């Protein structure tokens, strides 16, 4: 695991070293440089595989190819064996990095399709004077780039690019407009107009002063011609997940596991315990300041994590944080992202604990987006059923038969039916906007006319529009939602917080659920295998729970999923109220219309909890603005 930086064009050793030093947290063990005619490459290394022999940059046998690499290639053993059988000579003992350069020799820019891993890679092809960048299939490792002065500059983190004199720090108004709806900035945009993100599953070829970006992989949700039974699917999910865990336990340094007490992390830890000959080190986060029991759900995390630790015989560690510690660390969290972000940040705190014990941790990240558990996923089938009823003229709850009402579960109670009715829309663009942080109508009212003038109508688009137009999932309502979430939420919010906030403490997080073999299999299963059931309330992650039922106690499998941001929202109305208002005060003048912003603040001060997500979104923006010292919106 590393961080990489580089740029084409004339040598500039001082700049290259400054850019590389900016990401020392991604690789504190050593650095490496390659400065040859046409390109300047550098990397910071977190030594995980082949510690003594896996130094970078890596070259092929002739020295014509040079490579820097951030990530892990999990199938490197099999790849190396095949490459050696085909005549390739390796200089390292078992470095996964070296397999990439030989794959490129055989397959060129298509090399990534052979790799099972998480990666951001830069390869300099001397004979062709060509730079090839690539990012893993689902976007676990980041890669930013910019074109300036006829050259291309790239890096694992945006902060490196901002050190380059050719990169302007002008904010992208369209990206900020989107942030208020999404909690994040989405690839290929960044918050700065001059900088782009290479999307997941894409490669970029820089040749003759031109950048060509193309996909080499995309999620496929097309229905299987002959779907397996639920039992057959569960068996295959178990097999693929077990092998994914096995591959991710291959490293030359101590490793452990996240253990939050939920199904996902508990299943991964249980499989590790079966595969590992020693007690697994496990880690859990909890919250203090709970005198009134506000964080009861999170206290259950601690309870179930301890129970699973005892059941599996793990070496368990916990970190309990309070509001003051949280607020003190938020500026560092903001600097870890480089962009406005108001999603989950708990990984940052848990990584503080993990850093004291191991370099690598396996997690359950990705299971929610693969097997379905979020609100949009739970809405999919009930919304489809409600729209069918509306087409027959049945608009009120009282109009529905018992059978029709049962199809709306868990949104069949009067209060939940009212929410479902308000949210229902035939298009994902329509209903997702209704549950956005700031729906489109609210954004247009909140931003000042002067700021909106800088966001052309064509750029006020919803990113879901393009994603919905390219769906492969047919008429399966849930899979259509999952397909969109894997392309947007997973790539642009979930995986960025996993990567940035763990690497801030030099921790490598490995995600077995995002092994592309498992992803490709599960995506083509029917949605009813993911949320469904024979009677009563539908079961979330149905096929996953069936696959791991023998690993976990029944009460853990049936416990409801707890959210990550509840303590933050509670603290905002208590111990962190003044701190939150201070962040709101840092919002730049001229960006927002004074009246609606003042009304939002007044309602927040008055205790209106319905504004929690909106206030936190704006508070994070204000804090980001303060940390980056921007002067004009």
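Only one entry in 286, 366, 297 is at positive phi and either modelled with pLDDT under 95 or crowded, with 20+ Cβ neighbours inside 10 Å (or both), namely 366. When the range 133-145 is filtered for residues that are buried (at least 24 other Cβ atoms within 10 Å of the Cβ) and outside any loop (DSSP other than H, G, I, E, B), the ones remaining, listed by number, are 134, 135, 144, 145.
Evaluated against (1) closer than 24 Å to residue 208 by Cβ; (2) in a strand (DSSP E or B), residue 167 falls short on exactly one condition, (2). The selection criterion, being within 24 Å of the chain's Cα centre (by Cα) and either in a strand (DSSP E or B) or at pLDDT 95 or above (or both), holds for residue 4.
For the range 609-629, a residue qualifies if it is closer than 17 Å to residue 181 by Cβ and in contact (Cβ under 8 Å) with a residue 24 or more places away in the chain, and the qualifying residues are 612, 613, 614, 615, 616, 617, 618, 619, 620, 621, 624. The number of residues in the range 525-537 being touching a strand residue (DSSP E or B) at 6+ places or on another chain (Cβ under 9 Å) and modelled with pLDDT of 90 or more comes to 4.
Let's see how each residue does on (1) in contact with a strand residue (DSSP E or B) (Cβ under 8 Å, 6 or more places away or on another chain); (2) free of Cβ contacts under 8 Å to residues at least 24 places away in the same chain:
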| position | (1), (2) |
| --- | --- |
| 484 | no, no |
| 490 | no, no |
| 494 | no, no |
| 505 | no, no |
| 508 | yes, no |
| 519 | no, no |
| 523 | no, no |
| 539 | yes, yes |
| 545 | yes, no |
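Checking residue 176 against (1) within 23 Å of the chain's Cα centre (by Cα); (2) part of a loop (DSSP other than H, G, I, E, B): exactly one of these is not met. Which one? If we test residue 176 against (1) within 23 Å of the chain's Cα centre (by Cα); (2) part of a loop (DSSP other than H, G, I, E, B), just (2) comes out false.
List the residue pairs whose Cβ atoms are under 7 Å apart, where the first residue sits in the range 29-44 and is under 12 Å from residue 131 (Cα atoms), the second is at pLDDT below 95, and the two are 6 or more positions apart or on different chains. Here the result reads 41/57, each pair linking the range 29-44 to a residue that is at pLDDT below 95.
Of 125, 110, 78, which residue is surrounded by fewer than 24 Cβ atoms within 10 Å (Cβ to Cβ) and more than 29 Å from the chain's Cα centre (by Cα)?
On the way: 110 fails: more than 29 Å from the chain's Cα centre (by Cα); 78 fails: more than 29 Å from the chain's Cα centre (by Cα).
It is 125.
Taken across the range 460-472, residues that are more than 26 Å from residue 267 (Cα to Cα), buried (at least 18 other Cβ atoms within 10 Å of the Cβ) and at pLDDT 95 or above do not occur at all.
Any residue at all in the range 225-233 that's surrounded by fewer than 20 Cβ atoms within 10 Å (Cβ to Cβ) and assigned by TED's automatic domain parsing to the domain that holds residue 122? The answer is no; no qualifying residue exists. Residue 159 passes every criterion in (1) part of a helix (DSSP H, G or I); (2) surrounded by fewer than 17 Cβ atoms within 10 Å (Cβ to Cβ); (3) in the same structural domain as residue 40 (by TED's automatic domain parsing) apart from (2). Residue 71 meets the conditions (1) closer than 21 Å to residue 134 by Cα; (2) assigned to a helix (DSSP H, G or I) in every case but one. The failed one is (2). Of the residues making up the range 188-203, those that are over 14 Å from residue 141 (Cβ atoms) and either surrounded by 19 or more Cβ atoms within 10 Å (Cβ to Cβ) or touching a helix residue (DSSP H, G or I) at 6+ places or on another chain (Cβ under 6 Å) (or both) are 189, 190, 191, 192, 195, 196.
For residue 66, indicate whether it is surrounded by 17 or more Cβ atoms within 10 Å (Cβ to Cβ), in a strand (DSSP E or B) and either in contact with a helix residue (DSSP H, G or I) (Cβ under 6 Å, 6 or more places away or on another chain) or in contact (Cβ under 8 Å) with a residue 60 or more places away in the chain (or both).
Numbers: surrounded by 17 or more Cβ atoms within 10 Å (Cβ to Cβ): yes; in a strand (DSSP E or B): yes; either in contact with a helix residue (DSSP H, G or I) (Cβ under 6 Å, 6 or more places away or on another chain) or in contact (Cβ under 8 Å) with a residue 60 or more places away in the chain (or both): yes.
Taking the combined requirement at face value, the residue satisfies it.
Among the residues of the range 333-363, those that are in contact with a strand residue (DSSP E or B) (Cβ under 6 Å, 6 or more places away or on another chain), assigned to a helix (DSSP H, G or I) and at pLDDT 95 or above comprise 349, 350, 353, 354. Within the range 547-557, the only residue that satisfies the criterion of being in a helix (DSSP H, G or I) and within 18 Å of residue 274 (Cα to Cα) is 547. Looking across 512, 567, 560, one residue alone is within 27 Å of residue 218 (Cα to Cα) and either under 25 Å from the mean Cα position of the chain (by Cα) or not assigned by TED's automatic domain parsing to the domain that holds residue 475 (or both). It is 512. Among the residues of the range 179-201, those that are within 30 Å of residue 114 (Cα to Cα) and either in the same structural domain as residue 456 (by TED's automatic domain parsing) or more than 16 Å from the chain's Cα centre (by Cα) (or both) comprise 195, 196.
Cβ-Cβ distances below 6 Å connect the following pairs, each with a first residue in the range 569-581 that is in contact (Cβ under 8 Å) with a residue 40 or more places away in the chain, a second residue that is assigned to a loop (DSSP other than H, G, I, E, B), and a separation of six or more residues or different chains: 570/294. Considering the range 9-54, and only residues there that are part of a helix (DSSP H, G or I) and touching a helix residue (DSSP H, G or I) at 6+ places or on another chain (Cβ under 8 Å), the residue that is surrounded by the fewest Cβ atoms within 10 Å (Cβ to Cβ) turns out to be 25. Looking at the range 424-539, the helices (runs of 4 or more DSSP H) lying wholly inside it that each contain 2 or more residues that are closer than 20 Å to residue 367 by Cβ sit at 477-485, 495-503, 516-523.
The single condition among (1) closer than 24 Å to residue 334 by Cα; (2) at pLDDT below 90; (3) touching a helix residue (DSSP H, G or I) at 6+ places or on another chain (Cβ under 9 Å) that residue 560 does not meet is (1).
Of all residues in the range 138-177, exactly one satisfies the criterion of being free of Cβ contacts under 8 Å to residues at least 24 places away in the same chain and more than 30 Å from residue 482 (Cα to Cα), namely 166.
The values are calculated or read from the model by the stated rules, or taken from the named source; none is laboratory data. In this text the structure is predicted, and so the values were computed from the model without any measurement. Reconstructed Cβ throughout: ideal geometry from the backbone, glycine too, with neighbour counts over all protein chains shown.
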